[in-house]
Each structure stands twice: as structure tokens, then as C-alpha cells.
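Take a look at the structure below.
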Amino acid sequence: MERLVELVVKALVDSPDRVTVRAVEGERSLVIEVRVPEEDMGKVIGKGGRIANALRVVAKAAGAKRKKNIWVDIDKLPEPPAAAAGEET
């Protein structure tokens, strides 16, 4: 399931190499964490959340077969720490 979500998300964004997908599995659930660059968030979420909702529907349908609740969490990548002001390298 993680690979399917990753494949779809990477096909939607401009920077597929910066997309990260991680699965966190519990006893009865699976959370698929998707992190994309901030500038690609709109492409993954879609107008009115349609693309994000479609991803979630596909994931939940696949989870029914595995008897697991599957959640897809979409968020932007964390910003890299900025260099300290006035500090030279």
C-alpha cells in the first residue's frame, strides 16, 4: 500500500525526489505519512481536497482486504534549519 501511495504522489509533484512516504503500522491500523515540498502541496491535495480524498479511499479499500484501518496523512516537508545569522562557514 505504501508503494502505491508513493507512486501516485510522485507522479503528481514537480519534485518527486523530495517526496517521502513512511508507513507506521499498528495492531489494527496503518498510517501512511506522506511529506511533500510546500510548493507541491496543492497538487497532492487537489481542488477541494479531491485528490487527497481519492488517495484515502483507495488506501481504505485496500485496508479492508487486510482487515486494517488505513489512514493517509499528507503534510509539507519540514524546513531545513537556517544558518545562524552572521555565522560564516
| message | Of everything in the stretch 55-70, what is loosely packed, with under 15 Cβ neighbours inside 10 Å and part of a strand (DSSP E or B)? Give them in sequence order. | response | 69
| query | When residues of the stretch 21-54 are filtered for being surrounded by fewer than 16 Cβ atoms within 10 Å (Cβ to Cβ), assigned to a helix (DSSP H, G or I) and acidic (Asp, Glu), how many remain? | reply | 2
| task | Name the single residue, out of those in the stretch 32-65 being under 11 Å from residue 5 (Cβ atoms) and β-branched (Val, Ile, Thr), that is modelled with the lowest pLDDT. | result | 58
| query | Which one is nearest to residue 76 (Cα to Cα) among residues in the stretch 4-20 that are of a type in the set (A, V, I, L, M) and assigned to a helix (DSSP H, G or I)? | reply | 9
| query | Could you list, in sequence order, the residues of the stretch 66-79 that are acidic (Asp, Glu) and either in contact with a Pro (Cβ under 8 Å, 6 or more places away or on another chain) or within 16 Å of residue 7 (Cβ to Cβ) (or both)? | reply | none
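The values are calculated or read from the model by the stated rules, or taken from the named source; none is laboratory data. Predicted model, so just to flag it, every value in this text is computed and none were measured. For neighbour counting, all protein chains shown are included, and Cβ atoms are generated from backbone atoms with ideal geometry for every residue, glycine included.
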